[in-house]
Amino acid sequence: MEACILRLRKIGNGINEYCKVAIGIQCFIMTAVIVVQVILRLFTQITMHWAMELACYIFVWSTMLGSAIASKSLLHIQVDVLTNALKGKIKTSVQIISYLCLFFSLIVLIIFGAQHSLNQIGQKAVTMPFSMVWVFISIPISGVLMMYHSIVQFLELIYYGNVYRPVK
C-alpha cells in the first residue's frame, strides 16, 4: 500500500507541476492582453473589445487550476479548531467523516459542472469565436483534480493515520 501511495503522490506532484506551468502561461497572457489594451486605449483610442472577456475567461481557468493546486497542499479553507483539539482515533474518525463530506461535495461539483458545461455547447462567447463550454469545462476538470488529490490524502490518512503535508 505504501508503494501505491508514493506512486499516487508522485503522479499528483506531476499534475501540479503542469497546472503551475499552465497558470504561469495564463497569467502572462492575461497580463499582456490587459497591458496592450490599456496602452492602445490610452495612446490611440483603439479598443480591443475582446480583451477584457479573454482576461476574465483566463482568470476563471487560473482560479480553478489554482484551487486544485491548493487542495494538493492542504491550503484550501478548512476549520480545524475541532480536529486540532482532538487526539488519536477520534481525530482520525472526524477527519474521515470530513473527507467523506468533501468527496460528496466534489462529486456534486464534477457532475453538475459537467452538465452545465455540456449545456453551454451552443452558447458562444460574446466577442470571441468559441463556445462557452471551453470556459465552463474548467469546473469539472478542477473537481476531478481535487478529487484525485483528496483520494490520495484519504488513503494516507487511512494508512499512516495522518495526511502528508508537503514542505513549503
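Computed from the coordinates by the stated procedures, all read-outs in this text should not be read as laboratory data. All figures in this text were calculated on a predicted structure; none of them were measured in a lab. For neighbour counting, all protein chains shown are included, and Cβ atoms are generated from backbone atoms with ideal geometry for every residue, glycine included.
Some points to look at:
- Rg/Rh for segment 1-133 (Cα atoms only, Rh after Kirkwood) is 1.11.
- Trypsin sites (Lys or Arg not before Pro) within segment 1-93, DSSP loop, no more than 14 other Cβ atoms inside 10 Å: 87
- 0 to 90° range, to nearest 10: angle between helix 2-44 axis and the chain longest Cα axis: 20
- The chain, relative contact order [Cα under 8 Å, separation at least 6], %: 27
- Residue 116-residue 20 FRET efficiency (beta carbon distance; Förster radius 30 Å; 0.05 resolution): 0.70
- Helix axis angle, 51-72 relative to the chain longest principal axis, alpha carbon, degrees: 10
- C-alpha long axis of helix 138-160 to longest principal axis of the chain, angle in °: 20
- Note on segment 1-129: Lys pairs 8 or more places apart or on different chains, Cα atoms under 26 Å apart, count 6.
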